[in-house]
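First comes the structure, then the notes that go with it.
The values are calculated or read from the model by the stated rules, or taken from the named source; none is laboratory data. Bear in mind that the values here come from a model prediction, so they are computed numbers and not experimental data. Heads up, the Cβs are rebuilt from the backbone with ideal geometry, glycines too, and the neighbour counts pull from every protein chain shown.
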Amino acid sequence: MIKKANYKLPAYLLVLMSVIGFTLLCAANNWQANVLYVGIGFLGLFVLIYSILVLCRMGDKFLVLIAFMLMTVGVLMLCRLDIVMGARQIVWIVVGAIVFFLSYSFFYNIRFWNRLWLLYALGGAALFVLTLVFGKTVNGSRNWISFGSLSFQPSELIKILYIMFLACKYSGSFNKPFLKVHPTFVTGIVTYLYILFLVLQRDWGTILVVFLIFIFMIYVYEEKSWFLWANILAAVVVGILGYLFLYHIQVRVGVWLDPWSDVSNKGYQIAQSLFAIASGGYFGRGIGNGSPDYIPEVHTDFIFSAVCEEMGVFGGAAIIILYFLFAYRCFKITLNTQNSYNKAVGLGLSLMFSLQTFIIIGGVIKFIPLTGITLPFVSYGGTSIAVSFASLGIMQAISALEERKGGKEE
Amino acid sequence: MTNKKIIRVLIVISALFLGLLTHLLYFNMFEAESVATNPYNRRQWDDERYVTRGSIYDSNGVVLAETTTDDDGNTAREYPEGRIYSHVIGYYSKVYGKSLLERKYDAELSGKGDIGLFQGDKKRGFDLNLTINNAVQKYAYSQMRGRRGALVALDPSTGAVLAMVSLPDFDPEAKSLEKTWGNIVEDENSPLIPRAIQGLYPPGSTYKTVTLAASFENGMQEKVFDDVGEFKTGDVTVENYNGKKYGEISIERAFAVSSNQVFCNVGFDLGSEKVLSIARRFGIDDEVESDLDIAKSRIEYKKMTDTDGALVSIGQGQLLCTPIEMAMICSSFANGGKLMRPFLVDSVTKGNAVVQRTSPKVLGQAISEECANYVGLQMVQAVENGTGGNARINGVTVAGKTGTAENEKEKDHSWFIGYAPFEDPKIAVAVILENDGASGGATAAPIAGNVMRKYLSLVD
């Protein structure tokens, strides 16, 4: 009998890390108490959420721990960049926590999610149309909707709707032709329609995430292998055509291959990111000693570079390993799940987390061409945090259902 | 079945994450250094706000480089002696980065590792004190002016650089450099290359000093040669300078008149292995670790034959040397056969405190003391009764050797290496004038002679 992993020790570790981190940052800021207030707020939130999770036996105990570990680094970094931003991130985490418990209880208690495929598909499409009509352009991507002073990024939410939609098909719930079109083709049509919308918004990162989720899901579930190959072939053809005719894609691939020939212009972002990482070395320049403010978009897409500059490559490697542990845990829950709809949703969410992390970290370290998306749990932003928490809530619900009922099909 | 495929997907995802980790570590190990020092990385100039860059002085405390701050707090790096030191100190530009000493001693100049207290509101970096004597440097520069080439003067007993001129040069001051960069880079004479330490030239007859040392080691000094004016083997023919024929001749006389035929014969008889071995003892084919960015002097043969050995023995063939390497070789004849490591920075100081001092270092014993004295004596003969007559100094015994090196361009390079005084050597000089066309004795020897005289007049 293998001893069950103890969740208490890592929880204490997390508290210790937060205490040390926020105290040091406070010391570096001439003992400004603001940092400590943010730190205390953050720790309080963690203790509250984690106690509820453990006491109410809401499934897996490690996912939330890893997520909070990542958020500790994120909030620390944001406080260091701008204390106001760090404080606001705490507000977003409060919102995220509410979303977390809501999505958990909805997913846990409602049993007919697998029948709503049409709703997901249309809901996603409606959000896209709304973005196109009311959207505003930020950093070259037209993917924001504003309500007064509040902004919201629908494409983050669409990813979850899309995964729920795919899960309906691949759990076998959506198996009858719709308007005489076979479900396999319906999924294909919806996927490519979404991608078309995303191209119109110039949101290349999300395109990659959506398409790769699609390909992996086909690989796992689709019995007809020609459908998989046809899609890969289509992707290759579209990719080559895109490279030949779309200026945006040419530029991105160009600066990936050689950012140094045009550092002051096209290669500016990636060069600044690499400068930061290179200046940090193995152990970093120390929190507060670096110049992460030279990096554009440092609080969202490029936060990983700032972490590398001040906490070093080893700090960056630790973040990558944390994400890997998180992804591994998600996959493990997916593998143990018996309910086929929950399993498909779990797989989709696992893929979403891992691919999104890979694409943005790989982008800022110039492993792959850079496409801007947020780093889950670490980047600043309400939508990103809320959607990450919503997915986490669903993942918790899946694991809790499995623990309680053995996940029998109803 | 589904689980099996999910595990495969997990393996792919694991590979992606492993790729991220590997790339990040790879980047930090192999690319980070050059990325961090990219001139566009503004972090490099961050220190400037808190630290005034240290100054650079000559051996007598004359300011060669200093950073000034104007009333608005803007800093500028100034070089009071202008272009005379462009190939010694290098440049310091926010656009084009740093070179030579400004780069090599960047950490010291910006006060890294200084745990001293702040004095006033701004910290000050460490200062560098060079071994160069500004008066000699200026004089050497005036002697070389208008030519293309290099001059290196060393203290033969320590390896300290006394003067170092490379031409053509450029104005190192950042503002002017940034304005003229385009022209400087495109100039076909490459003014950015510090020729004294990085120019690779065939050393020509100056290299006969090394061959003479090898012949002494192999007991050839009693041998009498028949000089018919040309050396012939296979399809290789080497003629004496100006086609002269000397008839029956000793090796010593052949050295003084610089007979190519005799020295080709010596090299051929020694064989390629011995020719290569003595070259290596003098530091050729070896990286020289020093505070100067010295290019590696080299003999480039895949497989060296005895004929190649004959060509190398007169400083031709695939033998390429930097001027500073020739000055090092010349020094070792002056100091009893030791190859000294050359150095430029005598000490790093902060106020009166010495932070770091360079001590002379022997790289190796190239030849025996006896052999060094023998070659030195013959070098005296070459100046007194041979090709090096123009290097003579009144009242001082000068040892030297001229050279005229053929190269891929039409006009020959003129060379001279020498040291003085013979009895108690204080300075060793190597001079090269690129594509000068004249013989080393005519143009290079007088420059070397004048520089040595100037230095000796200052130290006595």
* To do: List the helices (runs of 4 or more DSSP H) that sit entirely inside segment A:39-146 and contain at least 3 residues that are closer than 22 Å to A:LEU325 by Cβ, modelled with pLDDT of 90 or more and assigned by TED's automatic domain parsing to the domain that holds A:ILE287.
  => A:63-81, A:83-109
* Which residues, counting only those in segment B:225-255, are at pLDDT 85 or above and among the aromatic types (Phe, Trp, Tyr)? -> B:PHE225, B:PHE231, B:TYR246, B:PHE255
* Structure fact -> Of the conditions (1) more than 8 Å from chain A (Cβ to nearest Cβ); (2) without any contact (Cβ under 8 Å) to a residue 12 or more places away in the chain, the single one that B:GLY54 does not satisfy is (2)
* Structure fact -> By my count, strands (runs of 3 or more DSSP E) wholly in segment B:330-439 with at least 2 residues that are out of contact with any helix residue (DSSP H, G or I) (no Cβ under 9 Å at 6 or more places or on another chain) are B:345-350, B:353-357
* So B:GLU287, is it surrounded by fewer than 24 Cβ atoms within 10 Å (Cβ to Cβ) and within 30 Å of B:GLU102 (Cβ to Cβ) -> yes
* Asked: Quick one: in segment A:232-255, which of the residues that are within 24 Å of the chain's Cα centre (by Cα) and buried (at least 17 other Cβ atoms within 10 Å of the Cβ) is nearest to the other protein chains (Cβ to nearest Cβ)?
  -> A:ARG252
* Structure fact -> Heads up, the helices (runs of 4 or more DSSP H) in segment B:243-289 (entirely inside) with at least 2 residues that are in contact (Cβ under 8 Å) with a residue 12 or more places away in the chain and of a type in the set (S, T, N, Q) are B:260-270
* To do: State all residues of segment A:233-276 that are touching a Leu at 6+ places or on another chain (Cβ under 8 Å) and among the aliphatic types (A, V, I, L, M); if no residue qualifies, say none.
  => A:VAL255, A:ILE270
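Can you name every residue in segment A:317-331 that is more than 9 Å from chain B (Cβ to nearest Cβ) and closer than 13 Å to A:LEU63 by Cα? Outline the logic, then answer.
To start, the set of residues in segment A:317-331 that are more than 9 Å from chain B (Cβ to nearest Cβ) comprises A:318-319, A:322, A:325-326, A:329-330.
Correct list: A:LEU322, A:LEU325, A:PHE326, A:ARG329, A:CYS330.
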* Any residue in segment A:367-384 that is within 14 Å of chain B (Cβ to nearest Cβ), modelled with pLDDT of 90 or more, within 13 Å of the chain's Cα centre (by Cα) and part of a helix (DSSP H, G or I)? -> no
* Asked: So which residues in segment B:10-43 are of a type in the set (Phe, Trp, Tyr) and within 9 Å of chain A (Cβ to nearest Cβ), if there are any at all?
  -> B:PHE17, B:PHE27, B:TYR40
* **Among (1) of a type in the set (A, V, I, L, M, F, W, C); (2) at the interface with chain B (Cβ under 10 Å from one of its Cβ atoms); (3) surrounded by fewer than 21 Cβ atoms within 10 Å (Cβ to Cβ) - the single one A:LEU274 does not satisfy** => (3)
* Look at B:ILE89 and say whether it is hydrophobic (A, V, I, L, M, F, W, C), at pLDDT 90 or above and not in a helix (DSSP H, G or I). => yes
* Structure fact -> When segment A:341-366 is checked residue by residue, the ones that are over 27 Å from B:LEU24 (Cβ atoms) and more than 8 Å from chain B (Cβ to nearest Cβ) are A:TYR341, A:ASN342, A:ALA344, A:VAL345, A:GLY346, A:GLY348
* Identify all residues within segment A:277-297 that are more than 10 Å from chain B (Cβ to nearest Cβ), over 16 Å from A:ILE361 (Cβ atoms) and among the charged types (D, E, K, R); write none if there are none. => A:ASP293
* Conditions (1) at the interface with chain A (Cβ under 10 Å from one of its Cβ atoms); (2) surrounded by 14 or more Cβ atoms within 10 Å (Cβ to Cβ); number of the one not met by B:MET1 -> (2)
* Asked: Given the conditions (1) in contact with a Ser or Thr (Cβ under 7 Å, 6 or more places away or on another chain); (2) hydrophobic (A, V, I, L, M, F, W, C); (3) under 20 Å from B:GLY418 (Cβ atoms), which single one is not true for B:PHE268?
  -> (3)
* Structure fact -> Looking across segment A:357-366 at residues that are in contact with a Ser or Thr (Cβ under 8 Å, 6 or more places away or on another chain) and in a helix (DSSP H, G or I), the single one that is nearest to A:THR72 (Cα to Cα) is A:ILE360
* Asked: Is there any pair with a first residue in segment A:8-30 that is touching a residue at least 24 places away in the same chain (Cβ under 8 Å) and a second that is loosely packed, with under 14 Cβ neighbours inside 10 Å and not in a helix (DSSP H, G or I) whose Cβ atoms are under 9 Å apart and which are 6 or more apart or on different chains, and what are they?
  -> A:LEU24/A:GLY288; A:LEU25/A:GLY288; A:ALA28/A:GLY288; A:ALA28/A:ASN289; A:ASN29/A:GLY288
* Report yes if B:ILE84 is closer than 26 Å to B:ILE294 by Cβ, modelled with pLDDT of 80 or more and outside any loop (DSSP other than H, G, I, E, B), otherwise no. => yes
